[in-house]
Each structure stands twice: as C-alpha cells, then as structure tokens.
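Undergrad: Dropping a structure here in structure tokens format, bear with me for questions.
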Amino acid sequence: MSIDVSGVTKTFGDFVALDDVSVSLPTGQLTALLGPSGGGKSTLLRVIAGLETADTGRVTIEGVDATRLPPQKRNVGFVFQHYAVFKHMTVAKNVAFGLEIRKRPKAEIAARVDELLRLVHLSQFSHRLPSQLSGGQRQRMALARALAVEPKVLLLDEPFGALDAKVRKELRDWLRRLHDEVHVTTVFVTHDQEEAMEVADEIVVINDGRVEQVGTPDQLYDEPANDFVMSFLGEVTTLGGVLLRPHDVHISTTPQLAGAAEGTVSRVLRVGFEVRVNVLTDDGEDVLLVLTRTHARQLGIEPGVRVWVTPASGALTVPSMKAAVG
Ligand code: ATP
C-alpha cells in the first residue's frame with residue numbers, strides 16, 4: 001500500500017533528525033532509504049512504523065492519516081538488524097506467533113506457515129530452534145515472521161547489516177525475488193550504496209535529516225541532483241574543478257584542442273578488467289580515470305607518459321555542472 005510522508009520534522013532535544021521530509025512511496029514498490037550514518041534513515045523508518053512520532057507533518061498509509069496511530073494499528077511488519085526471535089520456539093512456531101495471538105484457525109495457521117517457510121526456503125528447518133540456524137537463515141525466518149500477518153507494508157532496518165558479505169549478497173538477491181513474488185510495499189534502510197542500487201526500485205537519499213534526491217538507481221547515478229548524491233552514489237574525480245565520473249574522462253596521448261588539461265600519468269593500477277589511471281595535470285590537479293585494459297594498452301598508458309584529459313562529451317548531468325562543460 002502507498003505511503004506518503006509529508007513535511008515531517010523530528011527533533012531529539014535541539015537536534016533535528018528529520019527536517020521537513022516529504023516522500024511518496026507507491027504501492028508495491030521496494031524502496032531503499034540510503035545515506036551516511038546519522039543522516040536520519042532509521043528515524044524516518046521509525047516514524048513510518050509509528051515507533052517515533054513526528055513533531056510536525058503527516059504520515060499517510062493507504063490514504064489513511066496514520067500520524068498519530070500506534071504501530072499495531074498501522075498494519076506494518078518490521079524487521080530490525082538485531083531482530084528479536086523467540087529462542088525457545090521452533091522456526092515454525094516463531095513464524096506462527098503473530099497468527100496465533102490473532103487467534104486464527106489452526107488449519108489456516110499451518111497452511112500459512114508452510115507457505116511462508118517455502119517462500120523463504122526454510123521448509124526443511126521448520127523444527128529447528130533459532131540457535132540452530134545460520135545468521136542468514138535466522139534473518140529469513142524473521143522476514144517470514146514479519147510477513148505472516150500479511151502486513152500492508154514491510155519495513156526493514158539494515159536487515160542484512162550484521163551478516164558477512166557473501167550471505168548479505170545472497171539475501172539481497174533473495175529479497176529482490178521475494179519482493180517480485182509477494183509485491184508488498186517494502187522500505188529498507190541501508191548505508192550500502194551497492195545494496196541499494198542492486199535491490200531497490202527507487203532510492204531515497206537522506207543526508208543531514210533531509211531528502212537529497214529520490215529516483216531509480218539509474219536516475220541517481222546518471223542524473224544526480226547535486227554533488228552530494230553524485231559522490232555518494234559512485235566514484236568521482238575532479239577535472240578543472242568540475243566533478244565527474246572517472247569513466248567519463250577522455251584521455252589522449254596527442255595534443256588536444258583548447259580546453260584539454262595537459263599532464264603526466266602518475267599512477268596506473270590494473271584492477272580486474274579495468275585500468276585505473278591517475279594523471280597529474282600541469283595545473284597540479286590529480287585526475288582519476290578508468291579505462292578498459294585494451295584501451296589503456298592501445299594508448300600505451302604508463303607512468304611518465306604525457307597526456308591530455310577532457311570531460312567526455314555529454315558526460316556530466318549535475319545541473320550546476322552542465323553549463324561548465326557546455
Ligand atoms: P545509521 O546508519 O548510523 O543507523 P541513520 O541514518 O539511521 O544512521 P538515525 O538513527 O535516524 O540515523 O539517527 C539520526 C540522528 O538522530 C543521529 O544523529 C542520532 O544520534 C539521532 N537520534 C536518533 N534517535 C535518537 C534518540 N532517541 N535520541 C537522541 N538522538 C537520536
């Protein structure tokens with residue numbers, strides 16, 4: 001179901017954690033709240049969940065003003081990084097818990113638990129205790145438990161934060177597939193750019209309590225609204241004082257027309273299929289660029305070689321920089 005956050009401000013003492021935040025999250029969308037530590041992501045999620053109350057502004061869930069509703073009246077399910085599991089209950093019992101306290105018929109509970117365990121690939125572990133699961137399996141159990149009561153909205157605060165890189169990656173893929181199957185409106189908090197880019201339909205970039213930009217991963221990468229978003233969502237370098245992506249620096253070993261910066265290759269680093277090249281311009285600027293191995297070989301890029309660097313045409317999309325590049 002859709003979520004609308006409108007003009008929400010939240011302060012703790014005189015610290016402003018959310019400053020006039022507005023976002024609209026359509027039904028069925030998988031949204032990432034992304035930003036640096038302390039930016040306000042968790043606070044925004046908690047305001048949506050009803051675990052914190054906004055000082056000003058409104059939270060509307062499915063068209064209903066939920067600003068003052070307690071969490072249990074909002075029909076949201078949540079999973080946090082340090083999720084609480086019932087240690088003495090089996091996996092199946094943990095998943096059934098929410099349905100049992102709602103006093104649903106036994107047969108219905110059994111069928112629903114079976115379905116959910118299948119969905120999270122834990123059918124064969126239904127009789128285990130949480131302590132007998134791996135971290136990733138326990139996290140999937142927590143998600144199944146949150147989904148059991150058919151929430152309209154699923155809120156996940158750094159759901160994979162405590163896991164190692166490999167399991168994290170598996171769970172990301174799995175969350176994406178799960179979402180494609182269940183289509184519940186989902187909001188997850190992450191400070192991991194790659195995780196957000198890979199999993200989310202849309203990303204809300206939050207910094208210093210403010211929304212910097214909302215967009216699809218491609219929009220944020222290709223059309224960042226400002227320098228913060230551009231640097232946060234990908235690597236940047238400067239050239240003539242202008243930020244741009246290292247992939248968007250054009251390099252030549254023959255003199256270029258006016259506008260190119262002349263310099264010397266100072267460092268060449270081969271990483272996987274790419275070559276990362278630093279050029280120290282005669283103006284003293286350190287420019288980073290990325291080439292394919294083939295391209296670098298064809299040009300004979302090695303330390304000490306004289307080169308000319310320019311922004312590739314059409315490279316820049318940050319509005320303030322378009323003018324600079326022409
Ligand atoms: P992280 O990625 O580190 O979890 P975040 O973006 O989720 O960060 P929040 O947890 O929303 O950030 O916190 C935003 C700011 O609000 C932080 O500076 C934090 O210290 C402050 N804050 C959060 N909750 C409280 C609270 N209950 N009392 C006082 N300050 C708080």
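The values are calculated or read from the model by the stated rules, or taken from the named source; none is laboratory data. Treat the numbers as computed from the prediction; the structure is a model and nothing was measured. All Cβ positions, glycine included, derive from the backbone under ideal geometry; neighbour counts span all protein chains shown.
Undergrad: When the residues of the range 174-203 are filtered to those that are under 8 Å from the mean Cα position of the chain (by Cα) and outside any helix (DSSP H, G or I), which remaining residue is nearest to LYS152 (Cα to Cα)?
TA: The residue in question is PHE188.
Undergrad: Consider PHE97 against the criteria (1) surrounded by fewer than 21 Cβ atoms within 10 Å (Cβ to Cβ); (2) within 16 Å of the ligand (Cβ to nearest atom); (3) within 30 Å of GLN132 (Cα to Cα): it satisfies all of them except one. Which criterion is unmet?
TA: The failed condition is (2).
Undergrad: Here's a follow-up. What are the residues in the range 306-326 that are modelled with pLDDT of 90 or more and crowded, with 16+ Cβ neighbours inside 10 Å, if any? Show your work before the answer.
TA: If we filter the range 306-326 for residues that are modelled with pLDDT of 90 or more, which is where we start, we get 306-310.
Those that are modelled with pLDDT of 90 or more and crowded, with 16+ Cβ neighbours inside 10 Å: VAL307, TRP308, VAL309, THR310.
Undergrad: So LEU220 fits all but one of (1) surrounded by 19 or more Cβ atoms within 10 Å (Cβ to Cβ); (2) outside any strand (DSSP E or B); (3) over 25 Å from the mean Cα position of the chain (by Cα); (4) among the hydrophobic types (A, V, I, L, M, F, W, C); what number is the exception?
TA: The failed condition is (3).
Undergrad: Evaluate the range 10-17: report whether one residue or more is within 11 Å of the ligand (Cβ to nearest atom), in contact (Cβ under 8 Å) with a residue 24 or more places away in the chain and surrounded by fewer than 17 Cβ atoms within 10 Å (Cβ to Cβ).
TA: yes
Undergrad: Something else now. For the range 51-75: of the residues being within 16 Å of the ligand (Cβ to nearest atom) and buried (at least 21 other Cβ atoms within 10 Å of the Cβ), which is farthest from ALA17 (Cα to Cα)?
TA: The extreme case among them is VAL59.
Undergrad: Continuing with the same structure: Just to be sure I understand the filter: pairs with C-beta atoms under 6 Å, separated by 6 or more residues or on different chains, first member in the range 155-170 and more than 12 Å from LEU33 (Cβ to Cβ) and surrounded by 16 or more Cβ atoms within 10 Å (Cβ to Cβ), second member among the aromatic types (Phe, Trp, Tyr) and modelled with pLDDT under 80. Which pairs pass?
TA: Final answer for the pair search is ARG168/PHE160.
Undergrad: Still on this structure: In the range 19-42, what residues are more than 8 Å from the ligand (Cβ to nearest atom), touching a residue at least 24 places away in the same chain (Cβ under 8 Å) and of a type in the set (Gly, Ala, Ser)?
TA: Answer for the range 19-42, where residues must be more than 8 Å from the ligand (Cβ to nearest atom), touching a residue at least 24 places away in the same chain (Cβ under 8 Å) and of a type in the set (Gly, Ala, Ser): SER22, GLY28, ALA32.
Undergrad: Let me ask another. If a residue counts only when it is within 30 Å of ASP114 (Cβ to Cβ) and not hydroxyl-bearing (Ser, Thr, Tyr), which strands (runs of 3 or more DSSP E) contained entirely in the range 15-97 have at least 2 such residues?
TA: Details: elements: 15-25, 30-34, 56-61, 76-80.
Because the criterion is at least 2 residues that are within 30 Å of ASP114 (Cβ to Cβ) and not hydroxyl-bearing (Ser, Thr, Tyr), the strands (runs of 3 or more DSSP E) in the range 15-97 that meet it are 76-80.
Undergrad: Further, regarding this structure: What's the number of the only condition in (1) more than 19 Å from LEU30 (Cα to Cα); (2) assigned to a helix (DSSP H, G or I); (3) within 26 Å of the chain's Cα centre (by Cα) that ARG145 fails to meet?
TA: (1)
Undergrad: Now for a separate question. Looking only at the range 125-170, filter to residues that are within 16 Å of the ligand (Cβ to nearest atom) and in contact with a strand residue (DSSP E or B) (Cβ under 6 Å, 6 or more places away or on another chain); which one of those is modelled with the lowest pLDDT?
TA: The selected residue is PRO159.
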